[in-house]
Amino acid sequence: MTEQSGEPAIRTIGVIGAGQMGSGIAHVCAAAGYNIKLNDVSLERIESGLATINGNMARQAASGRISEEERQAALARISSAPTLAELADCDLIIESATEDEAVKRQIFKELCPLLKPDALLATNTSSISITRLAATTDRPERFLGIHFMNPVPVMELVELVRGIATEDSTFEQARDFVAKLGRTSAVAEDFPAFMVNRILLPMINEAIYVLYEGVGSVEAIDTAMKLGARHPMGPLELADFIGLDTCLSVMQVLYEGLADSKYRPCPLLVKYVEAGWLGRKTQRGFYDYRGEKPVPTR
């Protein structure tokens, strides 16, 4: 990432997707001194993302983790980019759109002709093949997976995933970039769901099977894992936090990509997603969040 390496320095970063993950990525990159252009399908969604960033930074300032001056400086580095054309001068673009391969492929198809030839491309996908996504771009050698954990401002790990065509220089730049964010990188091979989600999501899916089969209630399962395995959050509460649609899509990628029946999504997870009960973001999932405190829905 230095001029000496022969690679241009990363100064301006485009973030595509202003949702939970994208706004978190924009937050940590701005806090680390990068200029950010935040893109989404509508100005309303960008403004919602900016409001989330503002609120999270305000909490950090209130708790003394950053100063008020640092908060204001970081916010000043983030600008809205309602069109992909406004990302043309970015040195690195991190795509953090919905976990849907067709959506991501379409974004890259529209984006690539607009970019500088030496711009790096990254995806924040939690499960989709990096090699396959890279192949839809005009620069597979300058493409890789930079997978942040949720919630981004709090979590210290970033998974780096090379596609089959990713060049060493691209990987080194990405590793330097992650270090400058104050995060630790873990290198994963390009297999379905990489490392963290390949371990985490089947555990969540199994917890849903335990509920589905009547072995335990929502509260019993979450209490058992919090007190019995020292997990900070129970698996069903965690599923609601991640989003049940995202949980299902990762399980489907695992099931289809590895062709092993142990990754079959639980029918109850499918039913909740069909009902539109996606967790916290829709106010209902395995818990109902519409009252003063969350109440189990089963």
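Values quoted throughout were computed directly from the atomic coordinates according to the rules given, and no laboratory measurement underlies them. Keep in mind that what you see is a predicted model, and the values were worked out from it rather than measured. In this analysis, Cβ positions are derived from the backbone assuming ideal geometry, glycine residues included, and neighbour counts consider all displayed protein chains.
List of remarks:
- Every pair of different Cα atoms in region 123-267 enters the Kirkwood calculation, which places the hydrodynamic radius at 16.4 Å.
- Cα centroid of region 100-141 to Cα centroid of region 142-200, whole Å: 15
- Cut-off 16 Å (backbone N to label point 7 Å along Cα→Cβ of Thr297), residues of region 249-276: 249, 266-276
- Calculated SAXS-style log₁₀ I(q)/I(0) at q = 0.11, 0.14, 0.19 Å⁻¹ - region 105-191, Debye, Cα scatterers: -0.28, -0.45, -0.83
- The alpha carbon centroids of region 279-298 and region 212-268 are separated by 16 Å.
- Residue among Trp277, Ile53, Ala81 farthest towards the positive dipole end of the chain, charges placed on Cβ: Trp277
- Other-chain or far-sequence residues with amide H under 5 Å of Arg284's (modelled H): Leu278, Gly279, Tyr289
- When only the Cβ of Lys, Arg, Asp and Glu is charged (+1, +1, -1, -1), the dipole of the chain relative to its Cα centre reaches about 600 debye.
- Dipole of region 109-243, positive end: most advanced residue of Ile221, Gln173, Gly163 [Cβ charges, Cα centre]: Gln173
- Residue among Val187, Ile16, Val28 farthest towards the positive dipole end of the chain, charges placed on Cβ: Val28
- Principal-axis tilt of helix 168-180 within the chain, Cα atoms, nearest 10 degrees: 70
- Rounded to the nearest 5, the antiparallel percentage of DSSP beta bridges internal to region 153-298 is 45%.
- Alpha-carbon Debye profile of region 11-116, log10 I(q)/I(0) at 0.22 Å⁻¹: -1.11
- DSSP bridge pairs, the chain: antiparallel proportion in percent, nearest 5: 25
- Dipole size of region 198-296 about its Cα centre, with +1 on Lys/Arg Cβ and -1 on Asp/Glu Cβ: approximately 160 debye, rounded to the nearest 20.
- Relative packing of peptides 118-128, 152-162 - highest average C-beta neighbours within 10 Å first: 118-128, 152-162
- Three-way shape label, region 198-296, alpha-carbon gyration tensor, a/c 1.5: oblate
- Computed [θ] at 222 nm, deg cm²/dmol, the chain (DSSP H ≥ 4; -39,500 (n - 2.57); rounded to nearest 500): -13500 deg cm²/dmol
- Residues whose amide H lies under 5 Å from that of Ile66, counting only those 5 or more places away or on a different chain, are Ala61; hydrogens are built 1.01 Å from N in the peptide plane.
- Working ranking of peptides 282-292, 30-40 by packing, defined as the average number of other Cβ atoms within 10 Å per residue, highest first, is 30-40, 282-292.
- For region 98-154, the Cα-based Rg and Dmax, in that order, read 11.6, 35 Å.
- Rounded to 10°, Cα long-axis angle of helix 218-228 versus longest principal axis of the chain: 70
- Cα-based radius of gyration of region 3-188 once divided by 2.2 N^0.38 Å, which approximates compact folds: 0.96
- Legend: calculated FRET efficiency, Ala275 to Val154, from the Cβ-Cβ distance at R0 = 45 Å, rounded to 0.05, equals 0.95.
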